[in-house]
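The values are calculated or read from the model by the stated rules, or taken from the named source; none is laboratory data. Predicted model only: the values in this text are computed from it and were never measured. Note that each Cβ is placed from the backbone with ideal geometry, even for glycine, and that neighbours are counted across all protein chains shown.
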Amino acid sequence: MWPFGGWKRLKRGLRRLWRLGDSRMSIDLDELTELAEITPTKKYVNLLLLAMARDDVREVVLTSSRPLPPSKIYPGAEIPPFESVVNRLKVVANLDPVIYQHPKEGRIELTIGSDPVAVHVRFVDTGPERSVHLRMEWLESPAG
């Protein structure tokens with residue numbers, strides 16, 4: 001199953017290009033393969049960020065002592081281990097996926113629909129319980 005209805009958007013875009021007669025169209029098959037074979041961790045992180053934006057949730061805290069929340073958008077999605085999600089969020093926030101001695105902060109910039117979003121991420125690797133704090137901020141007010 002394609003996440004976020006990407007397959008429908010791709011087909012709609014292709015139909016639009018074909019109607020316009022654009023001969024410059026190119027499709028990267030490697031990218032299509034990557035989308036089709038996305039790992040459960042990547043899918044979970046994408047769905048988590050999308051659910052935060054869709055439900056207008058400003059802050060989410062993930063801790064190692066509590067199970068990760070199931071996806072509201074795609075209920076059948078596999079829930080990966082906490083460590084995998086933490087490492088994926090560190091990579092997306094341009095941080096090394098290692099355990100830090102002090103709290104570390106990063107920022108994830110993405111576009112949902114046509115709206116730019118920044119997700120501030122704080123990793124607390126010290127103490128008895130590891131945690132990740134996600135705070136979403138719309139860079140412009142979301143469209144409709």
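A few points about this structure:
- Test: residue 106 is among the small types (Gly, Ala, Ser) and surrounded by 13 or more Cβ atoms within 10 Å (Cβ to Cβ): yes
- Top-ranked residue of the range 116-130 - restricted to ones that are exposed (fewer than 15 other Cβ atoms within 10 Å of the Cβ) and outside any loop (DSSP other than H, G, I, E, B), ranked as nearest to the chain's Cα centre (by Cα): 118
- Taking the listed residues 108, 79, the one that is under 27 Å from residue 139 (Cβ atoms) and either outside any loop (DSSP other than H, G, I, E, B) or at pLDDT 85 or above (or both) is 108, with no other qualifying.
- Residue match in the range 78-90 (condition: of a type outside the set (Phe, Trp, Tyr), under 20 Å from residue 39 (Cβ atoms), over 15 Å from the mean Cα position of the chain (by Cα) and exposed (fewer than 14 other Cβ atoms within 10 Å of the Cβ)): yes
- Failed item, numbered, when residue 91 is tested on (1) within 19 Å of residue 54 (Cβ to Cβ); (2) assigned to a helix (DSSP H, G or I); (3) of a type outside the set (Gly, Ala, Ser): (1)
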